[in-house]
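This report refers to the structure that appears directly beneath it.
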Amino acid sequence: MQVEVDTLTIELSTTTHDSRPVFITGNFCKWLPDLEAYRMTMVSPGNYRYQFPEDLELPDPIEYKYTRGGWNQVELDLAGRPYGNRLIKAGETLVKDHVIRWQTDISTKADLSPIVETVAEAFEIAQFSRTRRVRVLLPQDYYENPDQRYPVLYMTDGQNLFGEGSEYGNWEIDKSLAELAKAHKAGVIVVAVDHGEEDRVQELSPYDNTKLGKGHGAKFLQFIAGPLKTHIDQKYRTKPDRLNTGIGGSSVGGLLSMYAALMFPQTFGKFMVFSPALWISEKVYFDAIHFFEPFETRIYLYAGGKEGTHMIPNVNKLKDTLETQSFGYSRVRIKSAVDAKGEHDEKQWSKEFPKAFEWLFFE
């Protein structure tokens, strides 16, 4: 939808000691970060102003950011991370913003770390009448390539995946993605969905268990495949087809990802299944017997030797069942990996993540 803006004015306050010019960029200029036409006027030290031309048609909503002349000089939040997209809805005529700090060292992004943005602090999950924090990790050059679209990997247990992690540990996928970017193998949008704390097992498990209670994993997948995916596909430049849409997780999250391969093949085509909690229900093997996906599908199975006596045999049993059912369909590829010393923890899954990620999306 295009809207005609009469006199939209933006006023910005920021630090006074930085002499670099300030530019506004966004979906109205293909996210080019240093166009002279969008250079702001300095009203006084630390205060800037920009007024859009009266006859200019702008998107609704307007998405935008501030830069000092390039994506390596972008606005940052208090923690020093790139600030999320700002929004202006139709009808607004005066917007006042403040930038806390700027990326000042051009070499800062030389580590190729992904851009982290919060999609929502409280994304509604209608299936549970609850909300959940959802974040994305964008390729480091996402805003430098406005015409490029990207595959998407949805991942559970978002608290444990990057940044400071949680009390349970940290996969450090942000560091892995930075390393993969050096080989141009990080061009995927990762969507991290937080778990439900004490409700985690019930939310993620697709099967009932006499000790754990009823599993609501199917509903959780309906949320990811439905409203969340719809929102991500609308907000970001994704490749929304099944072949470019993956899902991954560990433990009960790994079981959920396996269940997605069996029951949601119309949405997902790539699966990262780490240390799946197959002990929750034998029904997973019966569901696997009915596995039939003639379209291209990739499943990465991982198990560690120190995760209990049943982990590796159970994963091998699952793999054999899947391969039997997909026999004759060369487009179905299943890769298994075993670490005899691997334990059931974030540190181990951190080591396995870049191997699985590269095989799923870039082999």
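Quick note: the coordinates plus some simple rules give every number you see, no bench work behind them. These figures come from a predicted structure and were not determined experimentally. Note that we place each Cβ from the backbone using ideal geometry, even for glycine, and neighbour counts take in every protein chain shown.
Distance in nm between label sites at Ser13 and Gln148, each 7 Å beyond Cα in the beta-carbon direction?
3.8 nm
Could I have the simple spin-label model distance between Val338 and Glu92, label points 7 Å from Cα toward Cβ, reported in nm to one decimal?
According to this spin-label approximation, the distance is 5.7 nm.
Magnitude of the Cβ-charge dipole of segment 2-109, K/R +1 and D/E -1, about the Cα centre, nearest 20 debye? Write out the running numbers ahead of the final one.
Values: 12 positive and 16 negative charges, 116 e Å.
Computed charge dipole of segment 2-109: roughly 560 debye.
Given the -39500 (n - 2.57) contribution per DSSP H run of 4+ residues, what per-residue ellipticity at 222 nm results for the chain, rounded to the nearest 500 deg cm²/dmol? Could you put the intermediate results ahead of the total?
Numbers: 8 runs with 79 residues, N = 363.
Rounded to the nearest 500, it is -6500 deg cm²/dmol.
Which entries in the list Lys270/Lys341; Lys335/Lys355; Lys283/Lys319; Lys30/Lys235; Lys65/Lys96 go over 21 Å, if you measure between the two C-alpha atoms of each? Write down the numbers at each step before the final one.
Numbers: Lys270/Lys341 26 Å; Lys335/Lys355 11 Å; Lys283/Lys319 15 Å; Lys30/Lys235 14 Å; Lys65/Lys96 13 Å.
Listed pairs above 21 Å: Lys270/Lys341.
If you restrict to DSSP beta bridges whose two residues both lie in the chain, what percentage is antiparallel, to the nearest 5? Don't jump to the answer; show the numbers that get you there.
On the way: 37 of 70 bridges.
Taking every DSSP beta bridge within the chain, about 55 percent pair in antiparallel fashion.
Considering only DSSP beta bridges where both residues belong to segment 2-109, give the percentage that are antiparallel (nearest 5).
Details: 23 of 28 bridges.
Counting DSSP beta bridges with both partners in segment 2-109, the antiparallel share is about 80 percent.
So I have (1) 1.10; (2) 1.15; (3) 0.98, and one of them is Cα Rg over 2.2 N^0.38 Å calculated from this model. Which one is it?
Working out Cα Rg over 2.2 N^0.38 Å from the coordinates points to (1).
Between Phe327 and Glu57, what length in nm is gained on full extension when 0.36 nm per residue of separation is reduced by their alpha carbon distance? Write out the running numbers ahead of the final one.
Numbers: separation 270, 0.36 × 270 = 97.20 nm, distance 5.52 nm.
Full extension of this stretch gives 91.7 nm more.
Please tell me the relative contact order of the chain in percent, rounded to the nearest whole number, where contacts are Cα pairs under 8 Å and at least six residues apart. Don't skip to the end; give the middle numbers.
Numbers: 754 pairs, mean separation 41.9, N = 363.
Worked out over the chain, it gives 12 percent.
Under a point-charge model restricted to the Cβ atoms of Lys and Arg (+1) and Asp and Glu (-1), what is the dipole moment magnitude of the chain relative to its Cα centre, in debye to the nearest 20? Walk me through the numbers on the way to the answer.
On the way: 42 positive and 51 negative charges, 171 e Å.
Result for the chain is approximately 820 debye, rounded to the nearest 20.
Listed highest first by mean packing, meaning other Cβ atoms within 10 Å per residue, what order do 138-146, 235-243 come in? Don't skip to the answer; put the middle values down first.
On the way: 138-146: 18.2, 235-243: 15.3.
Output ranking for 138-146, 235-243: 138-146, 235-243.
Give me the one-decimal nm value for the distance between modelled label points at Ala183 and Lys317, 7 Å along each residue's Cα-to-Cβ direction.
3.5 nm
Please enumerate, by chain and number, the aspartates and glutamates with C-alpha under 15 Å from the C-alpha of Lys239, excluding those fewer than 8 residues away in the same chain.
Asp147
At R0 = 30 Å, how high is the FRET efficiency between Thr309 and Ala218 if r is their beta carbon distance? Nearest 0.05 is fine. Present the calculation step by step, with values, prior to reporting the outcome.
Working: r = 29 Å, r/R0 = 0.97.
So the FRET efficiency works out to roughly 0.55.
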